[in-house]
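The values are calculated or read from the model by the stated rules, or taken from the named source; none is laboratory data. Fair warning: this is a prediction, and the values are worked out from it, not measured in the lab. Note that each Cβ is placed from the backbone with ideal geometry, even for glycine, and that neighbours are counted across all protein chains shown. For accessibility, only protein heavy atoms count, side chains too; no ligands or nucleic acids. Shrake-Rupley method; radii C 1.70, N 1.55, O 1.52, S 1.80 Å.
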Amino acid sequence: MQICVIGSGYVGLVTAAVFADMGNHINCVDIDSAKIESLNNGIMPIYEPGLEGMVKRNVKEKRICFSTDVGSAIGEAELVFICVGTPPKEEGETDLSYVEGAAKTIAANLDNYKIIVNKSTVPVGTGELVKRVINENKKNGAEFDVVSNPEFLREGQAIGDALNPDRIIIGAPSKKVAMKLIELYATIGAPVIVTDVPSAELIKYASNSFLAMKISFINSIADICESAGANVIDVAKGLGLDKRIGSQFLSAGLGYGGSCFPKDVVSLIHTSKKHGVDFDLLKNVVKINESRVKKFTDRIEERFGSLDGVTIAMLGLAFKPDTDDMREAKSIEVVKRLQDKGAQIRAYDPVATENAKKIMPDITYCKSPYEAAEGASAIVIITEWREFRLLDMDRLKDAMVSPVIFDGRNLYDPDRKKGIGFEYYSIGRPDVKGQIRV
Ligand code: UGA
């Protein structure tokens, strides 16, 4: 199929690459000419495992091209995917100006029938808005249909998620229109739900909000574990083995961050209010999430009495592993709180350092966990990168002033840390105190 993808951000780029790999011809367009130039030079704007190879392969096979020429890309396409950003406004409402902009551009270039597919995460009712904007701005009688086909990919695993989704959601105005999308996804082999546009739009927000709710739930259970002497890892295991609950997204920690959950949960609260529903449950999901970092940093302060002049080694800055994305990363809030208490931060992240520097220019960036640990009184783990699992603990201990770890992601087994002489504090598990043998 001939497809135009508007927007070369996370969703747009991965969607374009995967569709091309499936044998379609993709024109991926963006108004950001610098980004398009980089892509044409083979430079990816984001770090995503497997993306670069897939893009380069399909560029070589002439199945994907990048340009700013939105007009011709739309003109040639049967399907036009809207994959633009939907950032939050002040009050948490979703800013749909980029979606509206894309709809106007489509209207200006609509000269024959096309299916307009919305992949951006948008509040229920946006399909109608896109339809209205195109109808108000089109230059001729060309017809079109608007479909909602939300994306469920996770950063860091985006290619795998796009190729092996749990389900494909198609919200279409008719079976005939839905068939075109079913045909597009035919080789994927995942269950397909065909529904109306508003239901598809709501499925996306309901999914992200439900997952965020699971995280806040297990974080509250972790708080009880800490007080009651229980172990949240075992509780989550026992809970998750109930098939009705499921074991994923039950890792207690510093709470959810990133470019999706924080904004999507707040957006659904906003949408529910608009529809006369008081979604108190979700408001508490947000409240619990917002309390995590304070609790964590208070604990660090409590351990040292004062953090004034104390050096802290921070391992991990990205909002989660396998990404360089710093949006709503917990590291930003942890750094701010520790700095406000007078601490000096030495940080290491395998890939997010350059992005972190733009947000936090006043911390010391290091080239390895061992360099970060030099002269530190404590290590603070913020992101569960795989490489942190197998660190040389003796080397770290030798570099530090005192062997103390605050683990915000439950990376280690407390008993093992005890064995090698670390004082170890994690989330929802018994503390290992007084083990310092320096
Ligand atoms: C999320 C969803 O998982 C995707 O399905 C969805 O497509 C995407 O948002 C989106 O709307 O575009 P993503 O933001 O990439 O994907 O990251 P997740 O892997 O879901 O993690 C989100 C946050 O939750 C991270 O900060 C992570 O550390 C945290 N988390 C996750 C936990 O604290 N505990 C867990 O058990 C799982």
>> Looking at (1) among the small types (Gly, Ala, Ser); (2) crowded, with 22+ Cβ neighbours inside 10 Å; (3) assigned to a loop (DSSP other than H, G, I, E, B), which one does residue 306 not meet, given that it meets all the others?
In response: (2)
>> Every residue in segment 233-255 that is open to solvent by 60 Å² or more (accessible area, probe 1.4 Å) and closer than 23 Å to residue 385 by Cα, please.
In response: 233, 234, 237, 247, 248, 249, 251
>> I need the full set of residues from segment 240-272 which are free of Cβ contacts under 8 Å to residues at least 12 places away in the same chain, away from the ligand (no atom under 12 Å from the Cβ) and not in a loop (DSSP other than H, G, I, E, B), in order please.
In response: 272
>> Among the residues in segment 175-189, are any modelled with pLDDT under 95, of a type in the set (Ser, Thr, Tyr) and touching a Gly at 6+ places or on another chain (Cβ under 9 Å)?
In response: yes
> What residue, among those in segment 374-387 that are away from the ligand (no atom under 16 Å from the Cβ) and open to solvent by 10 Å² or more (accessible area, probe 1.4 Å), is nearest to the chain's Cα centre (by Cα)?
Replying inline: 387
>> Restricting to segment 28-51, name every residue that is open to solvent by 50 Å² or more (accessible area, probe 1.4 Å) and more than 17 Å from residue 11 (Cβ to Cβ).
In response: 33, 34, 37, 40, 41, 43
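Got at least one residue in segment 9-19 being in a loop (DSSP other than H, G, I, E, B) and either at pLDDT 95 or above or surrounded by 18 or more Cβ atoms within 10 Å (Cβ to Cβ) (or both)? Can you show your working first?
Within segment 9-19, the first condition is being in a loop (DSSP other than H, G, I, E, B), and the residues that meet it are 9.
Among the residues that remain, those that are also either at pLDDT 95 or above or surrounded by 18 or more Cβ atoms within 10 Å (Cβ to Cβ) (or both) are: 9.
Yes, segment 9-19 contains at least one residue that is in a loop (DSSP other than H, G, I, E, B) and either at pLDDT 95 or above or surrounded by 18 or more Cβ atoms within 10 Å (Cβ to Cβ) (or both).
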> Counting only residues that are within 16 Å of the ligand (Cβ to nearest atom) and of a type outside the set (S, T, N, Q), how many does segment 336-358 have?
Replying inline: 5
>> Out of everything in segment 210-239 that is of a type in the set (S, T, N, Q) and touching a residue at least 24 places away in the same chain (Cβ under 8 Å), what residue ends up being farthest from the ligand (Cβ to nearest atom)?
In response: 231
> Taking segment 143-158 only, how many residues are within 20 Å of residue 54 (Cβ to Cβ) and open to solvent by 40 Å² or more (accessible area, probe 1.4 Å)?
Replying inline: 3
> Of all the residues that make up segment 285-332, how many are within 11 Å of the ligand (Cβ to nearest atom) and not hydroxyl-bearing (Ser, Thr, Tyr)?
Replying inline: 13
>> residue 11 - would you say it is free of Cβ contacts under 8 Å to residues at least 24 places away in the same chain, hydrophobic (A, V, I, L, M, F, W, C) and out of contact with any helix residue (DSSP H, G or I) (no Cβ under 8 Å at 6 or more places or on another chain)?
In response: no
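A quick yes/no check of all residues on (1) in a loop (DSSP other than H, G, I, E, B); (2) under 26 Å from residue 320 (Cβ atoms):
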| residue | (1), (2) |
| --- | --- |
| 92 | yes, yes |
| 116 | no, no |
| 150 | yes, yes |
| 206 | no, yes |
> Within segment 47-57, is even one residue among the β-branched types (Val, Ile, Thr) and farther than 21 Å from residue 76 by Cβ?
Replying inline: no
> Residues 204, 114, 131: which one is within 13 Å of the ligand (Cβ to nearest atom) and either touching a strand residue (DSSP E or B) at 6+ places or on another chain (Cβ under 8 Å) or open to solvent by less than 30 Å² (accessible area, probe 1.4 Å) (or both)?
Replying inline: 204
>> Let me confirm something: among 371, 290, which residue is over 25 Å from the mean Cα position of the chain (by Cα), touching a residue at least 24 places away in the same chain (Cβ under 8 Å) and open to solvent by 50 Å² or more (accessible area, probe 1.4 Å)?
In response: 371
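Within the group 243, 214, 273, which residue is more than 27 Å from residue 411 (Cα to Cα) and either among the basic types (Lys, Arg) or modelled with pLDDT of 95 or more (or both)?
Working: 243 fails: more than 27 Å from residue 411 (Cα to Cα); 214 fails: more than 27 Å from residue 411 (Cα to Cα).
Result: 273 is the single residue among 243, 214, 273 that is more than 27 Å from residue 411 (Cα to Cα) and either among the basic types (Lys, Arg) or modelled with pLDDT of 95 or more (or both).
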> Which members of segment 76-100 meet the condition of being farther than 22 Å from residue 265 by Cβ and open to solvent by less than 30 Å² (accessible area, probe 1.4 Å)?
Replying inline: 77, 79, 80, 81, 82
> In segment 162-194, which residue that is among the hydroxyl-bearing types (Ser, Thr, Tyr) and open to solvent by less than 60 Å² (accessible area, probe 1.4 Å) is nearest to the ligand (Cβ to nearest atom)?
Replying inline: 185
> Quick check: is even one residue across segment 216-232 open to solvent by 60 Å² or more (accessible area, probe 1.4 Å) and closer than 30 Å to residue 177 by Cα?
Replying inline: no
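Conditions (1) outside any helix (DSSP H, G or I); (2) within 16 Å of the ligand (Cβ to nearest atom); (3) open to solvent by less than 50 Å² (accessible area, probe 1.4 Å); (4) more than 30 Å from residue 47 (Cα to Cα), marked per residue:
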position	(1), (2), (3), (4)
104	no, no, no, yes
121	yes, yes, yes, no
124	yes, yes, yes, yes
135	no, no, no, yes
141	yes, no, no, yes
160	no, yes, yes, no
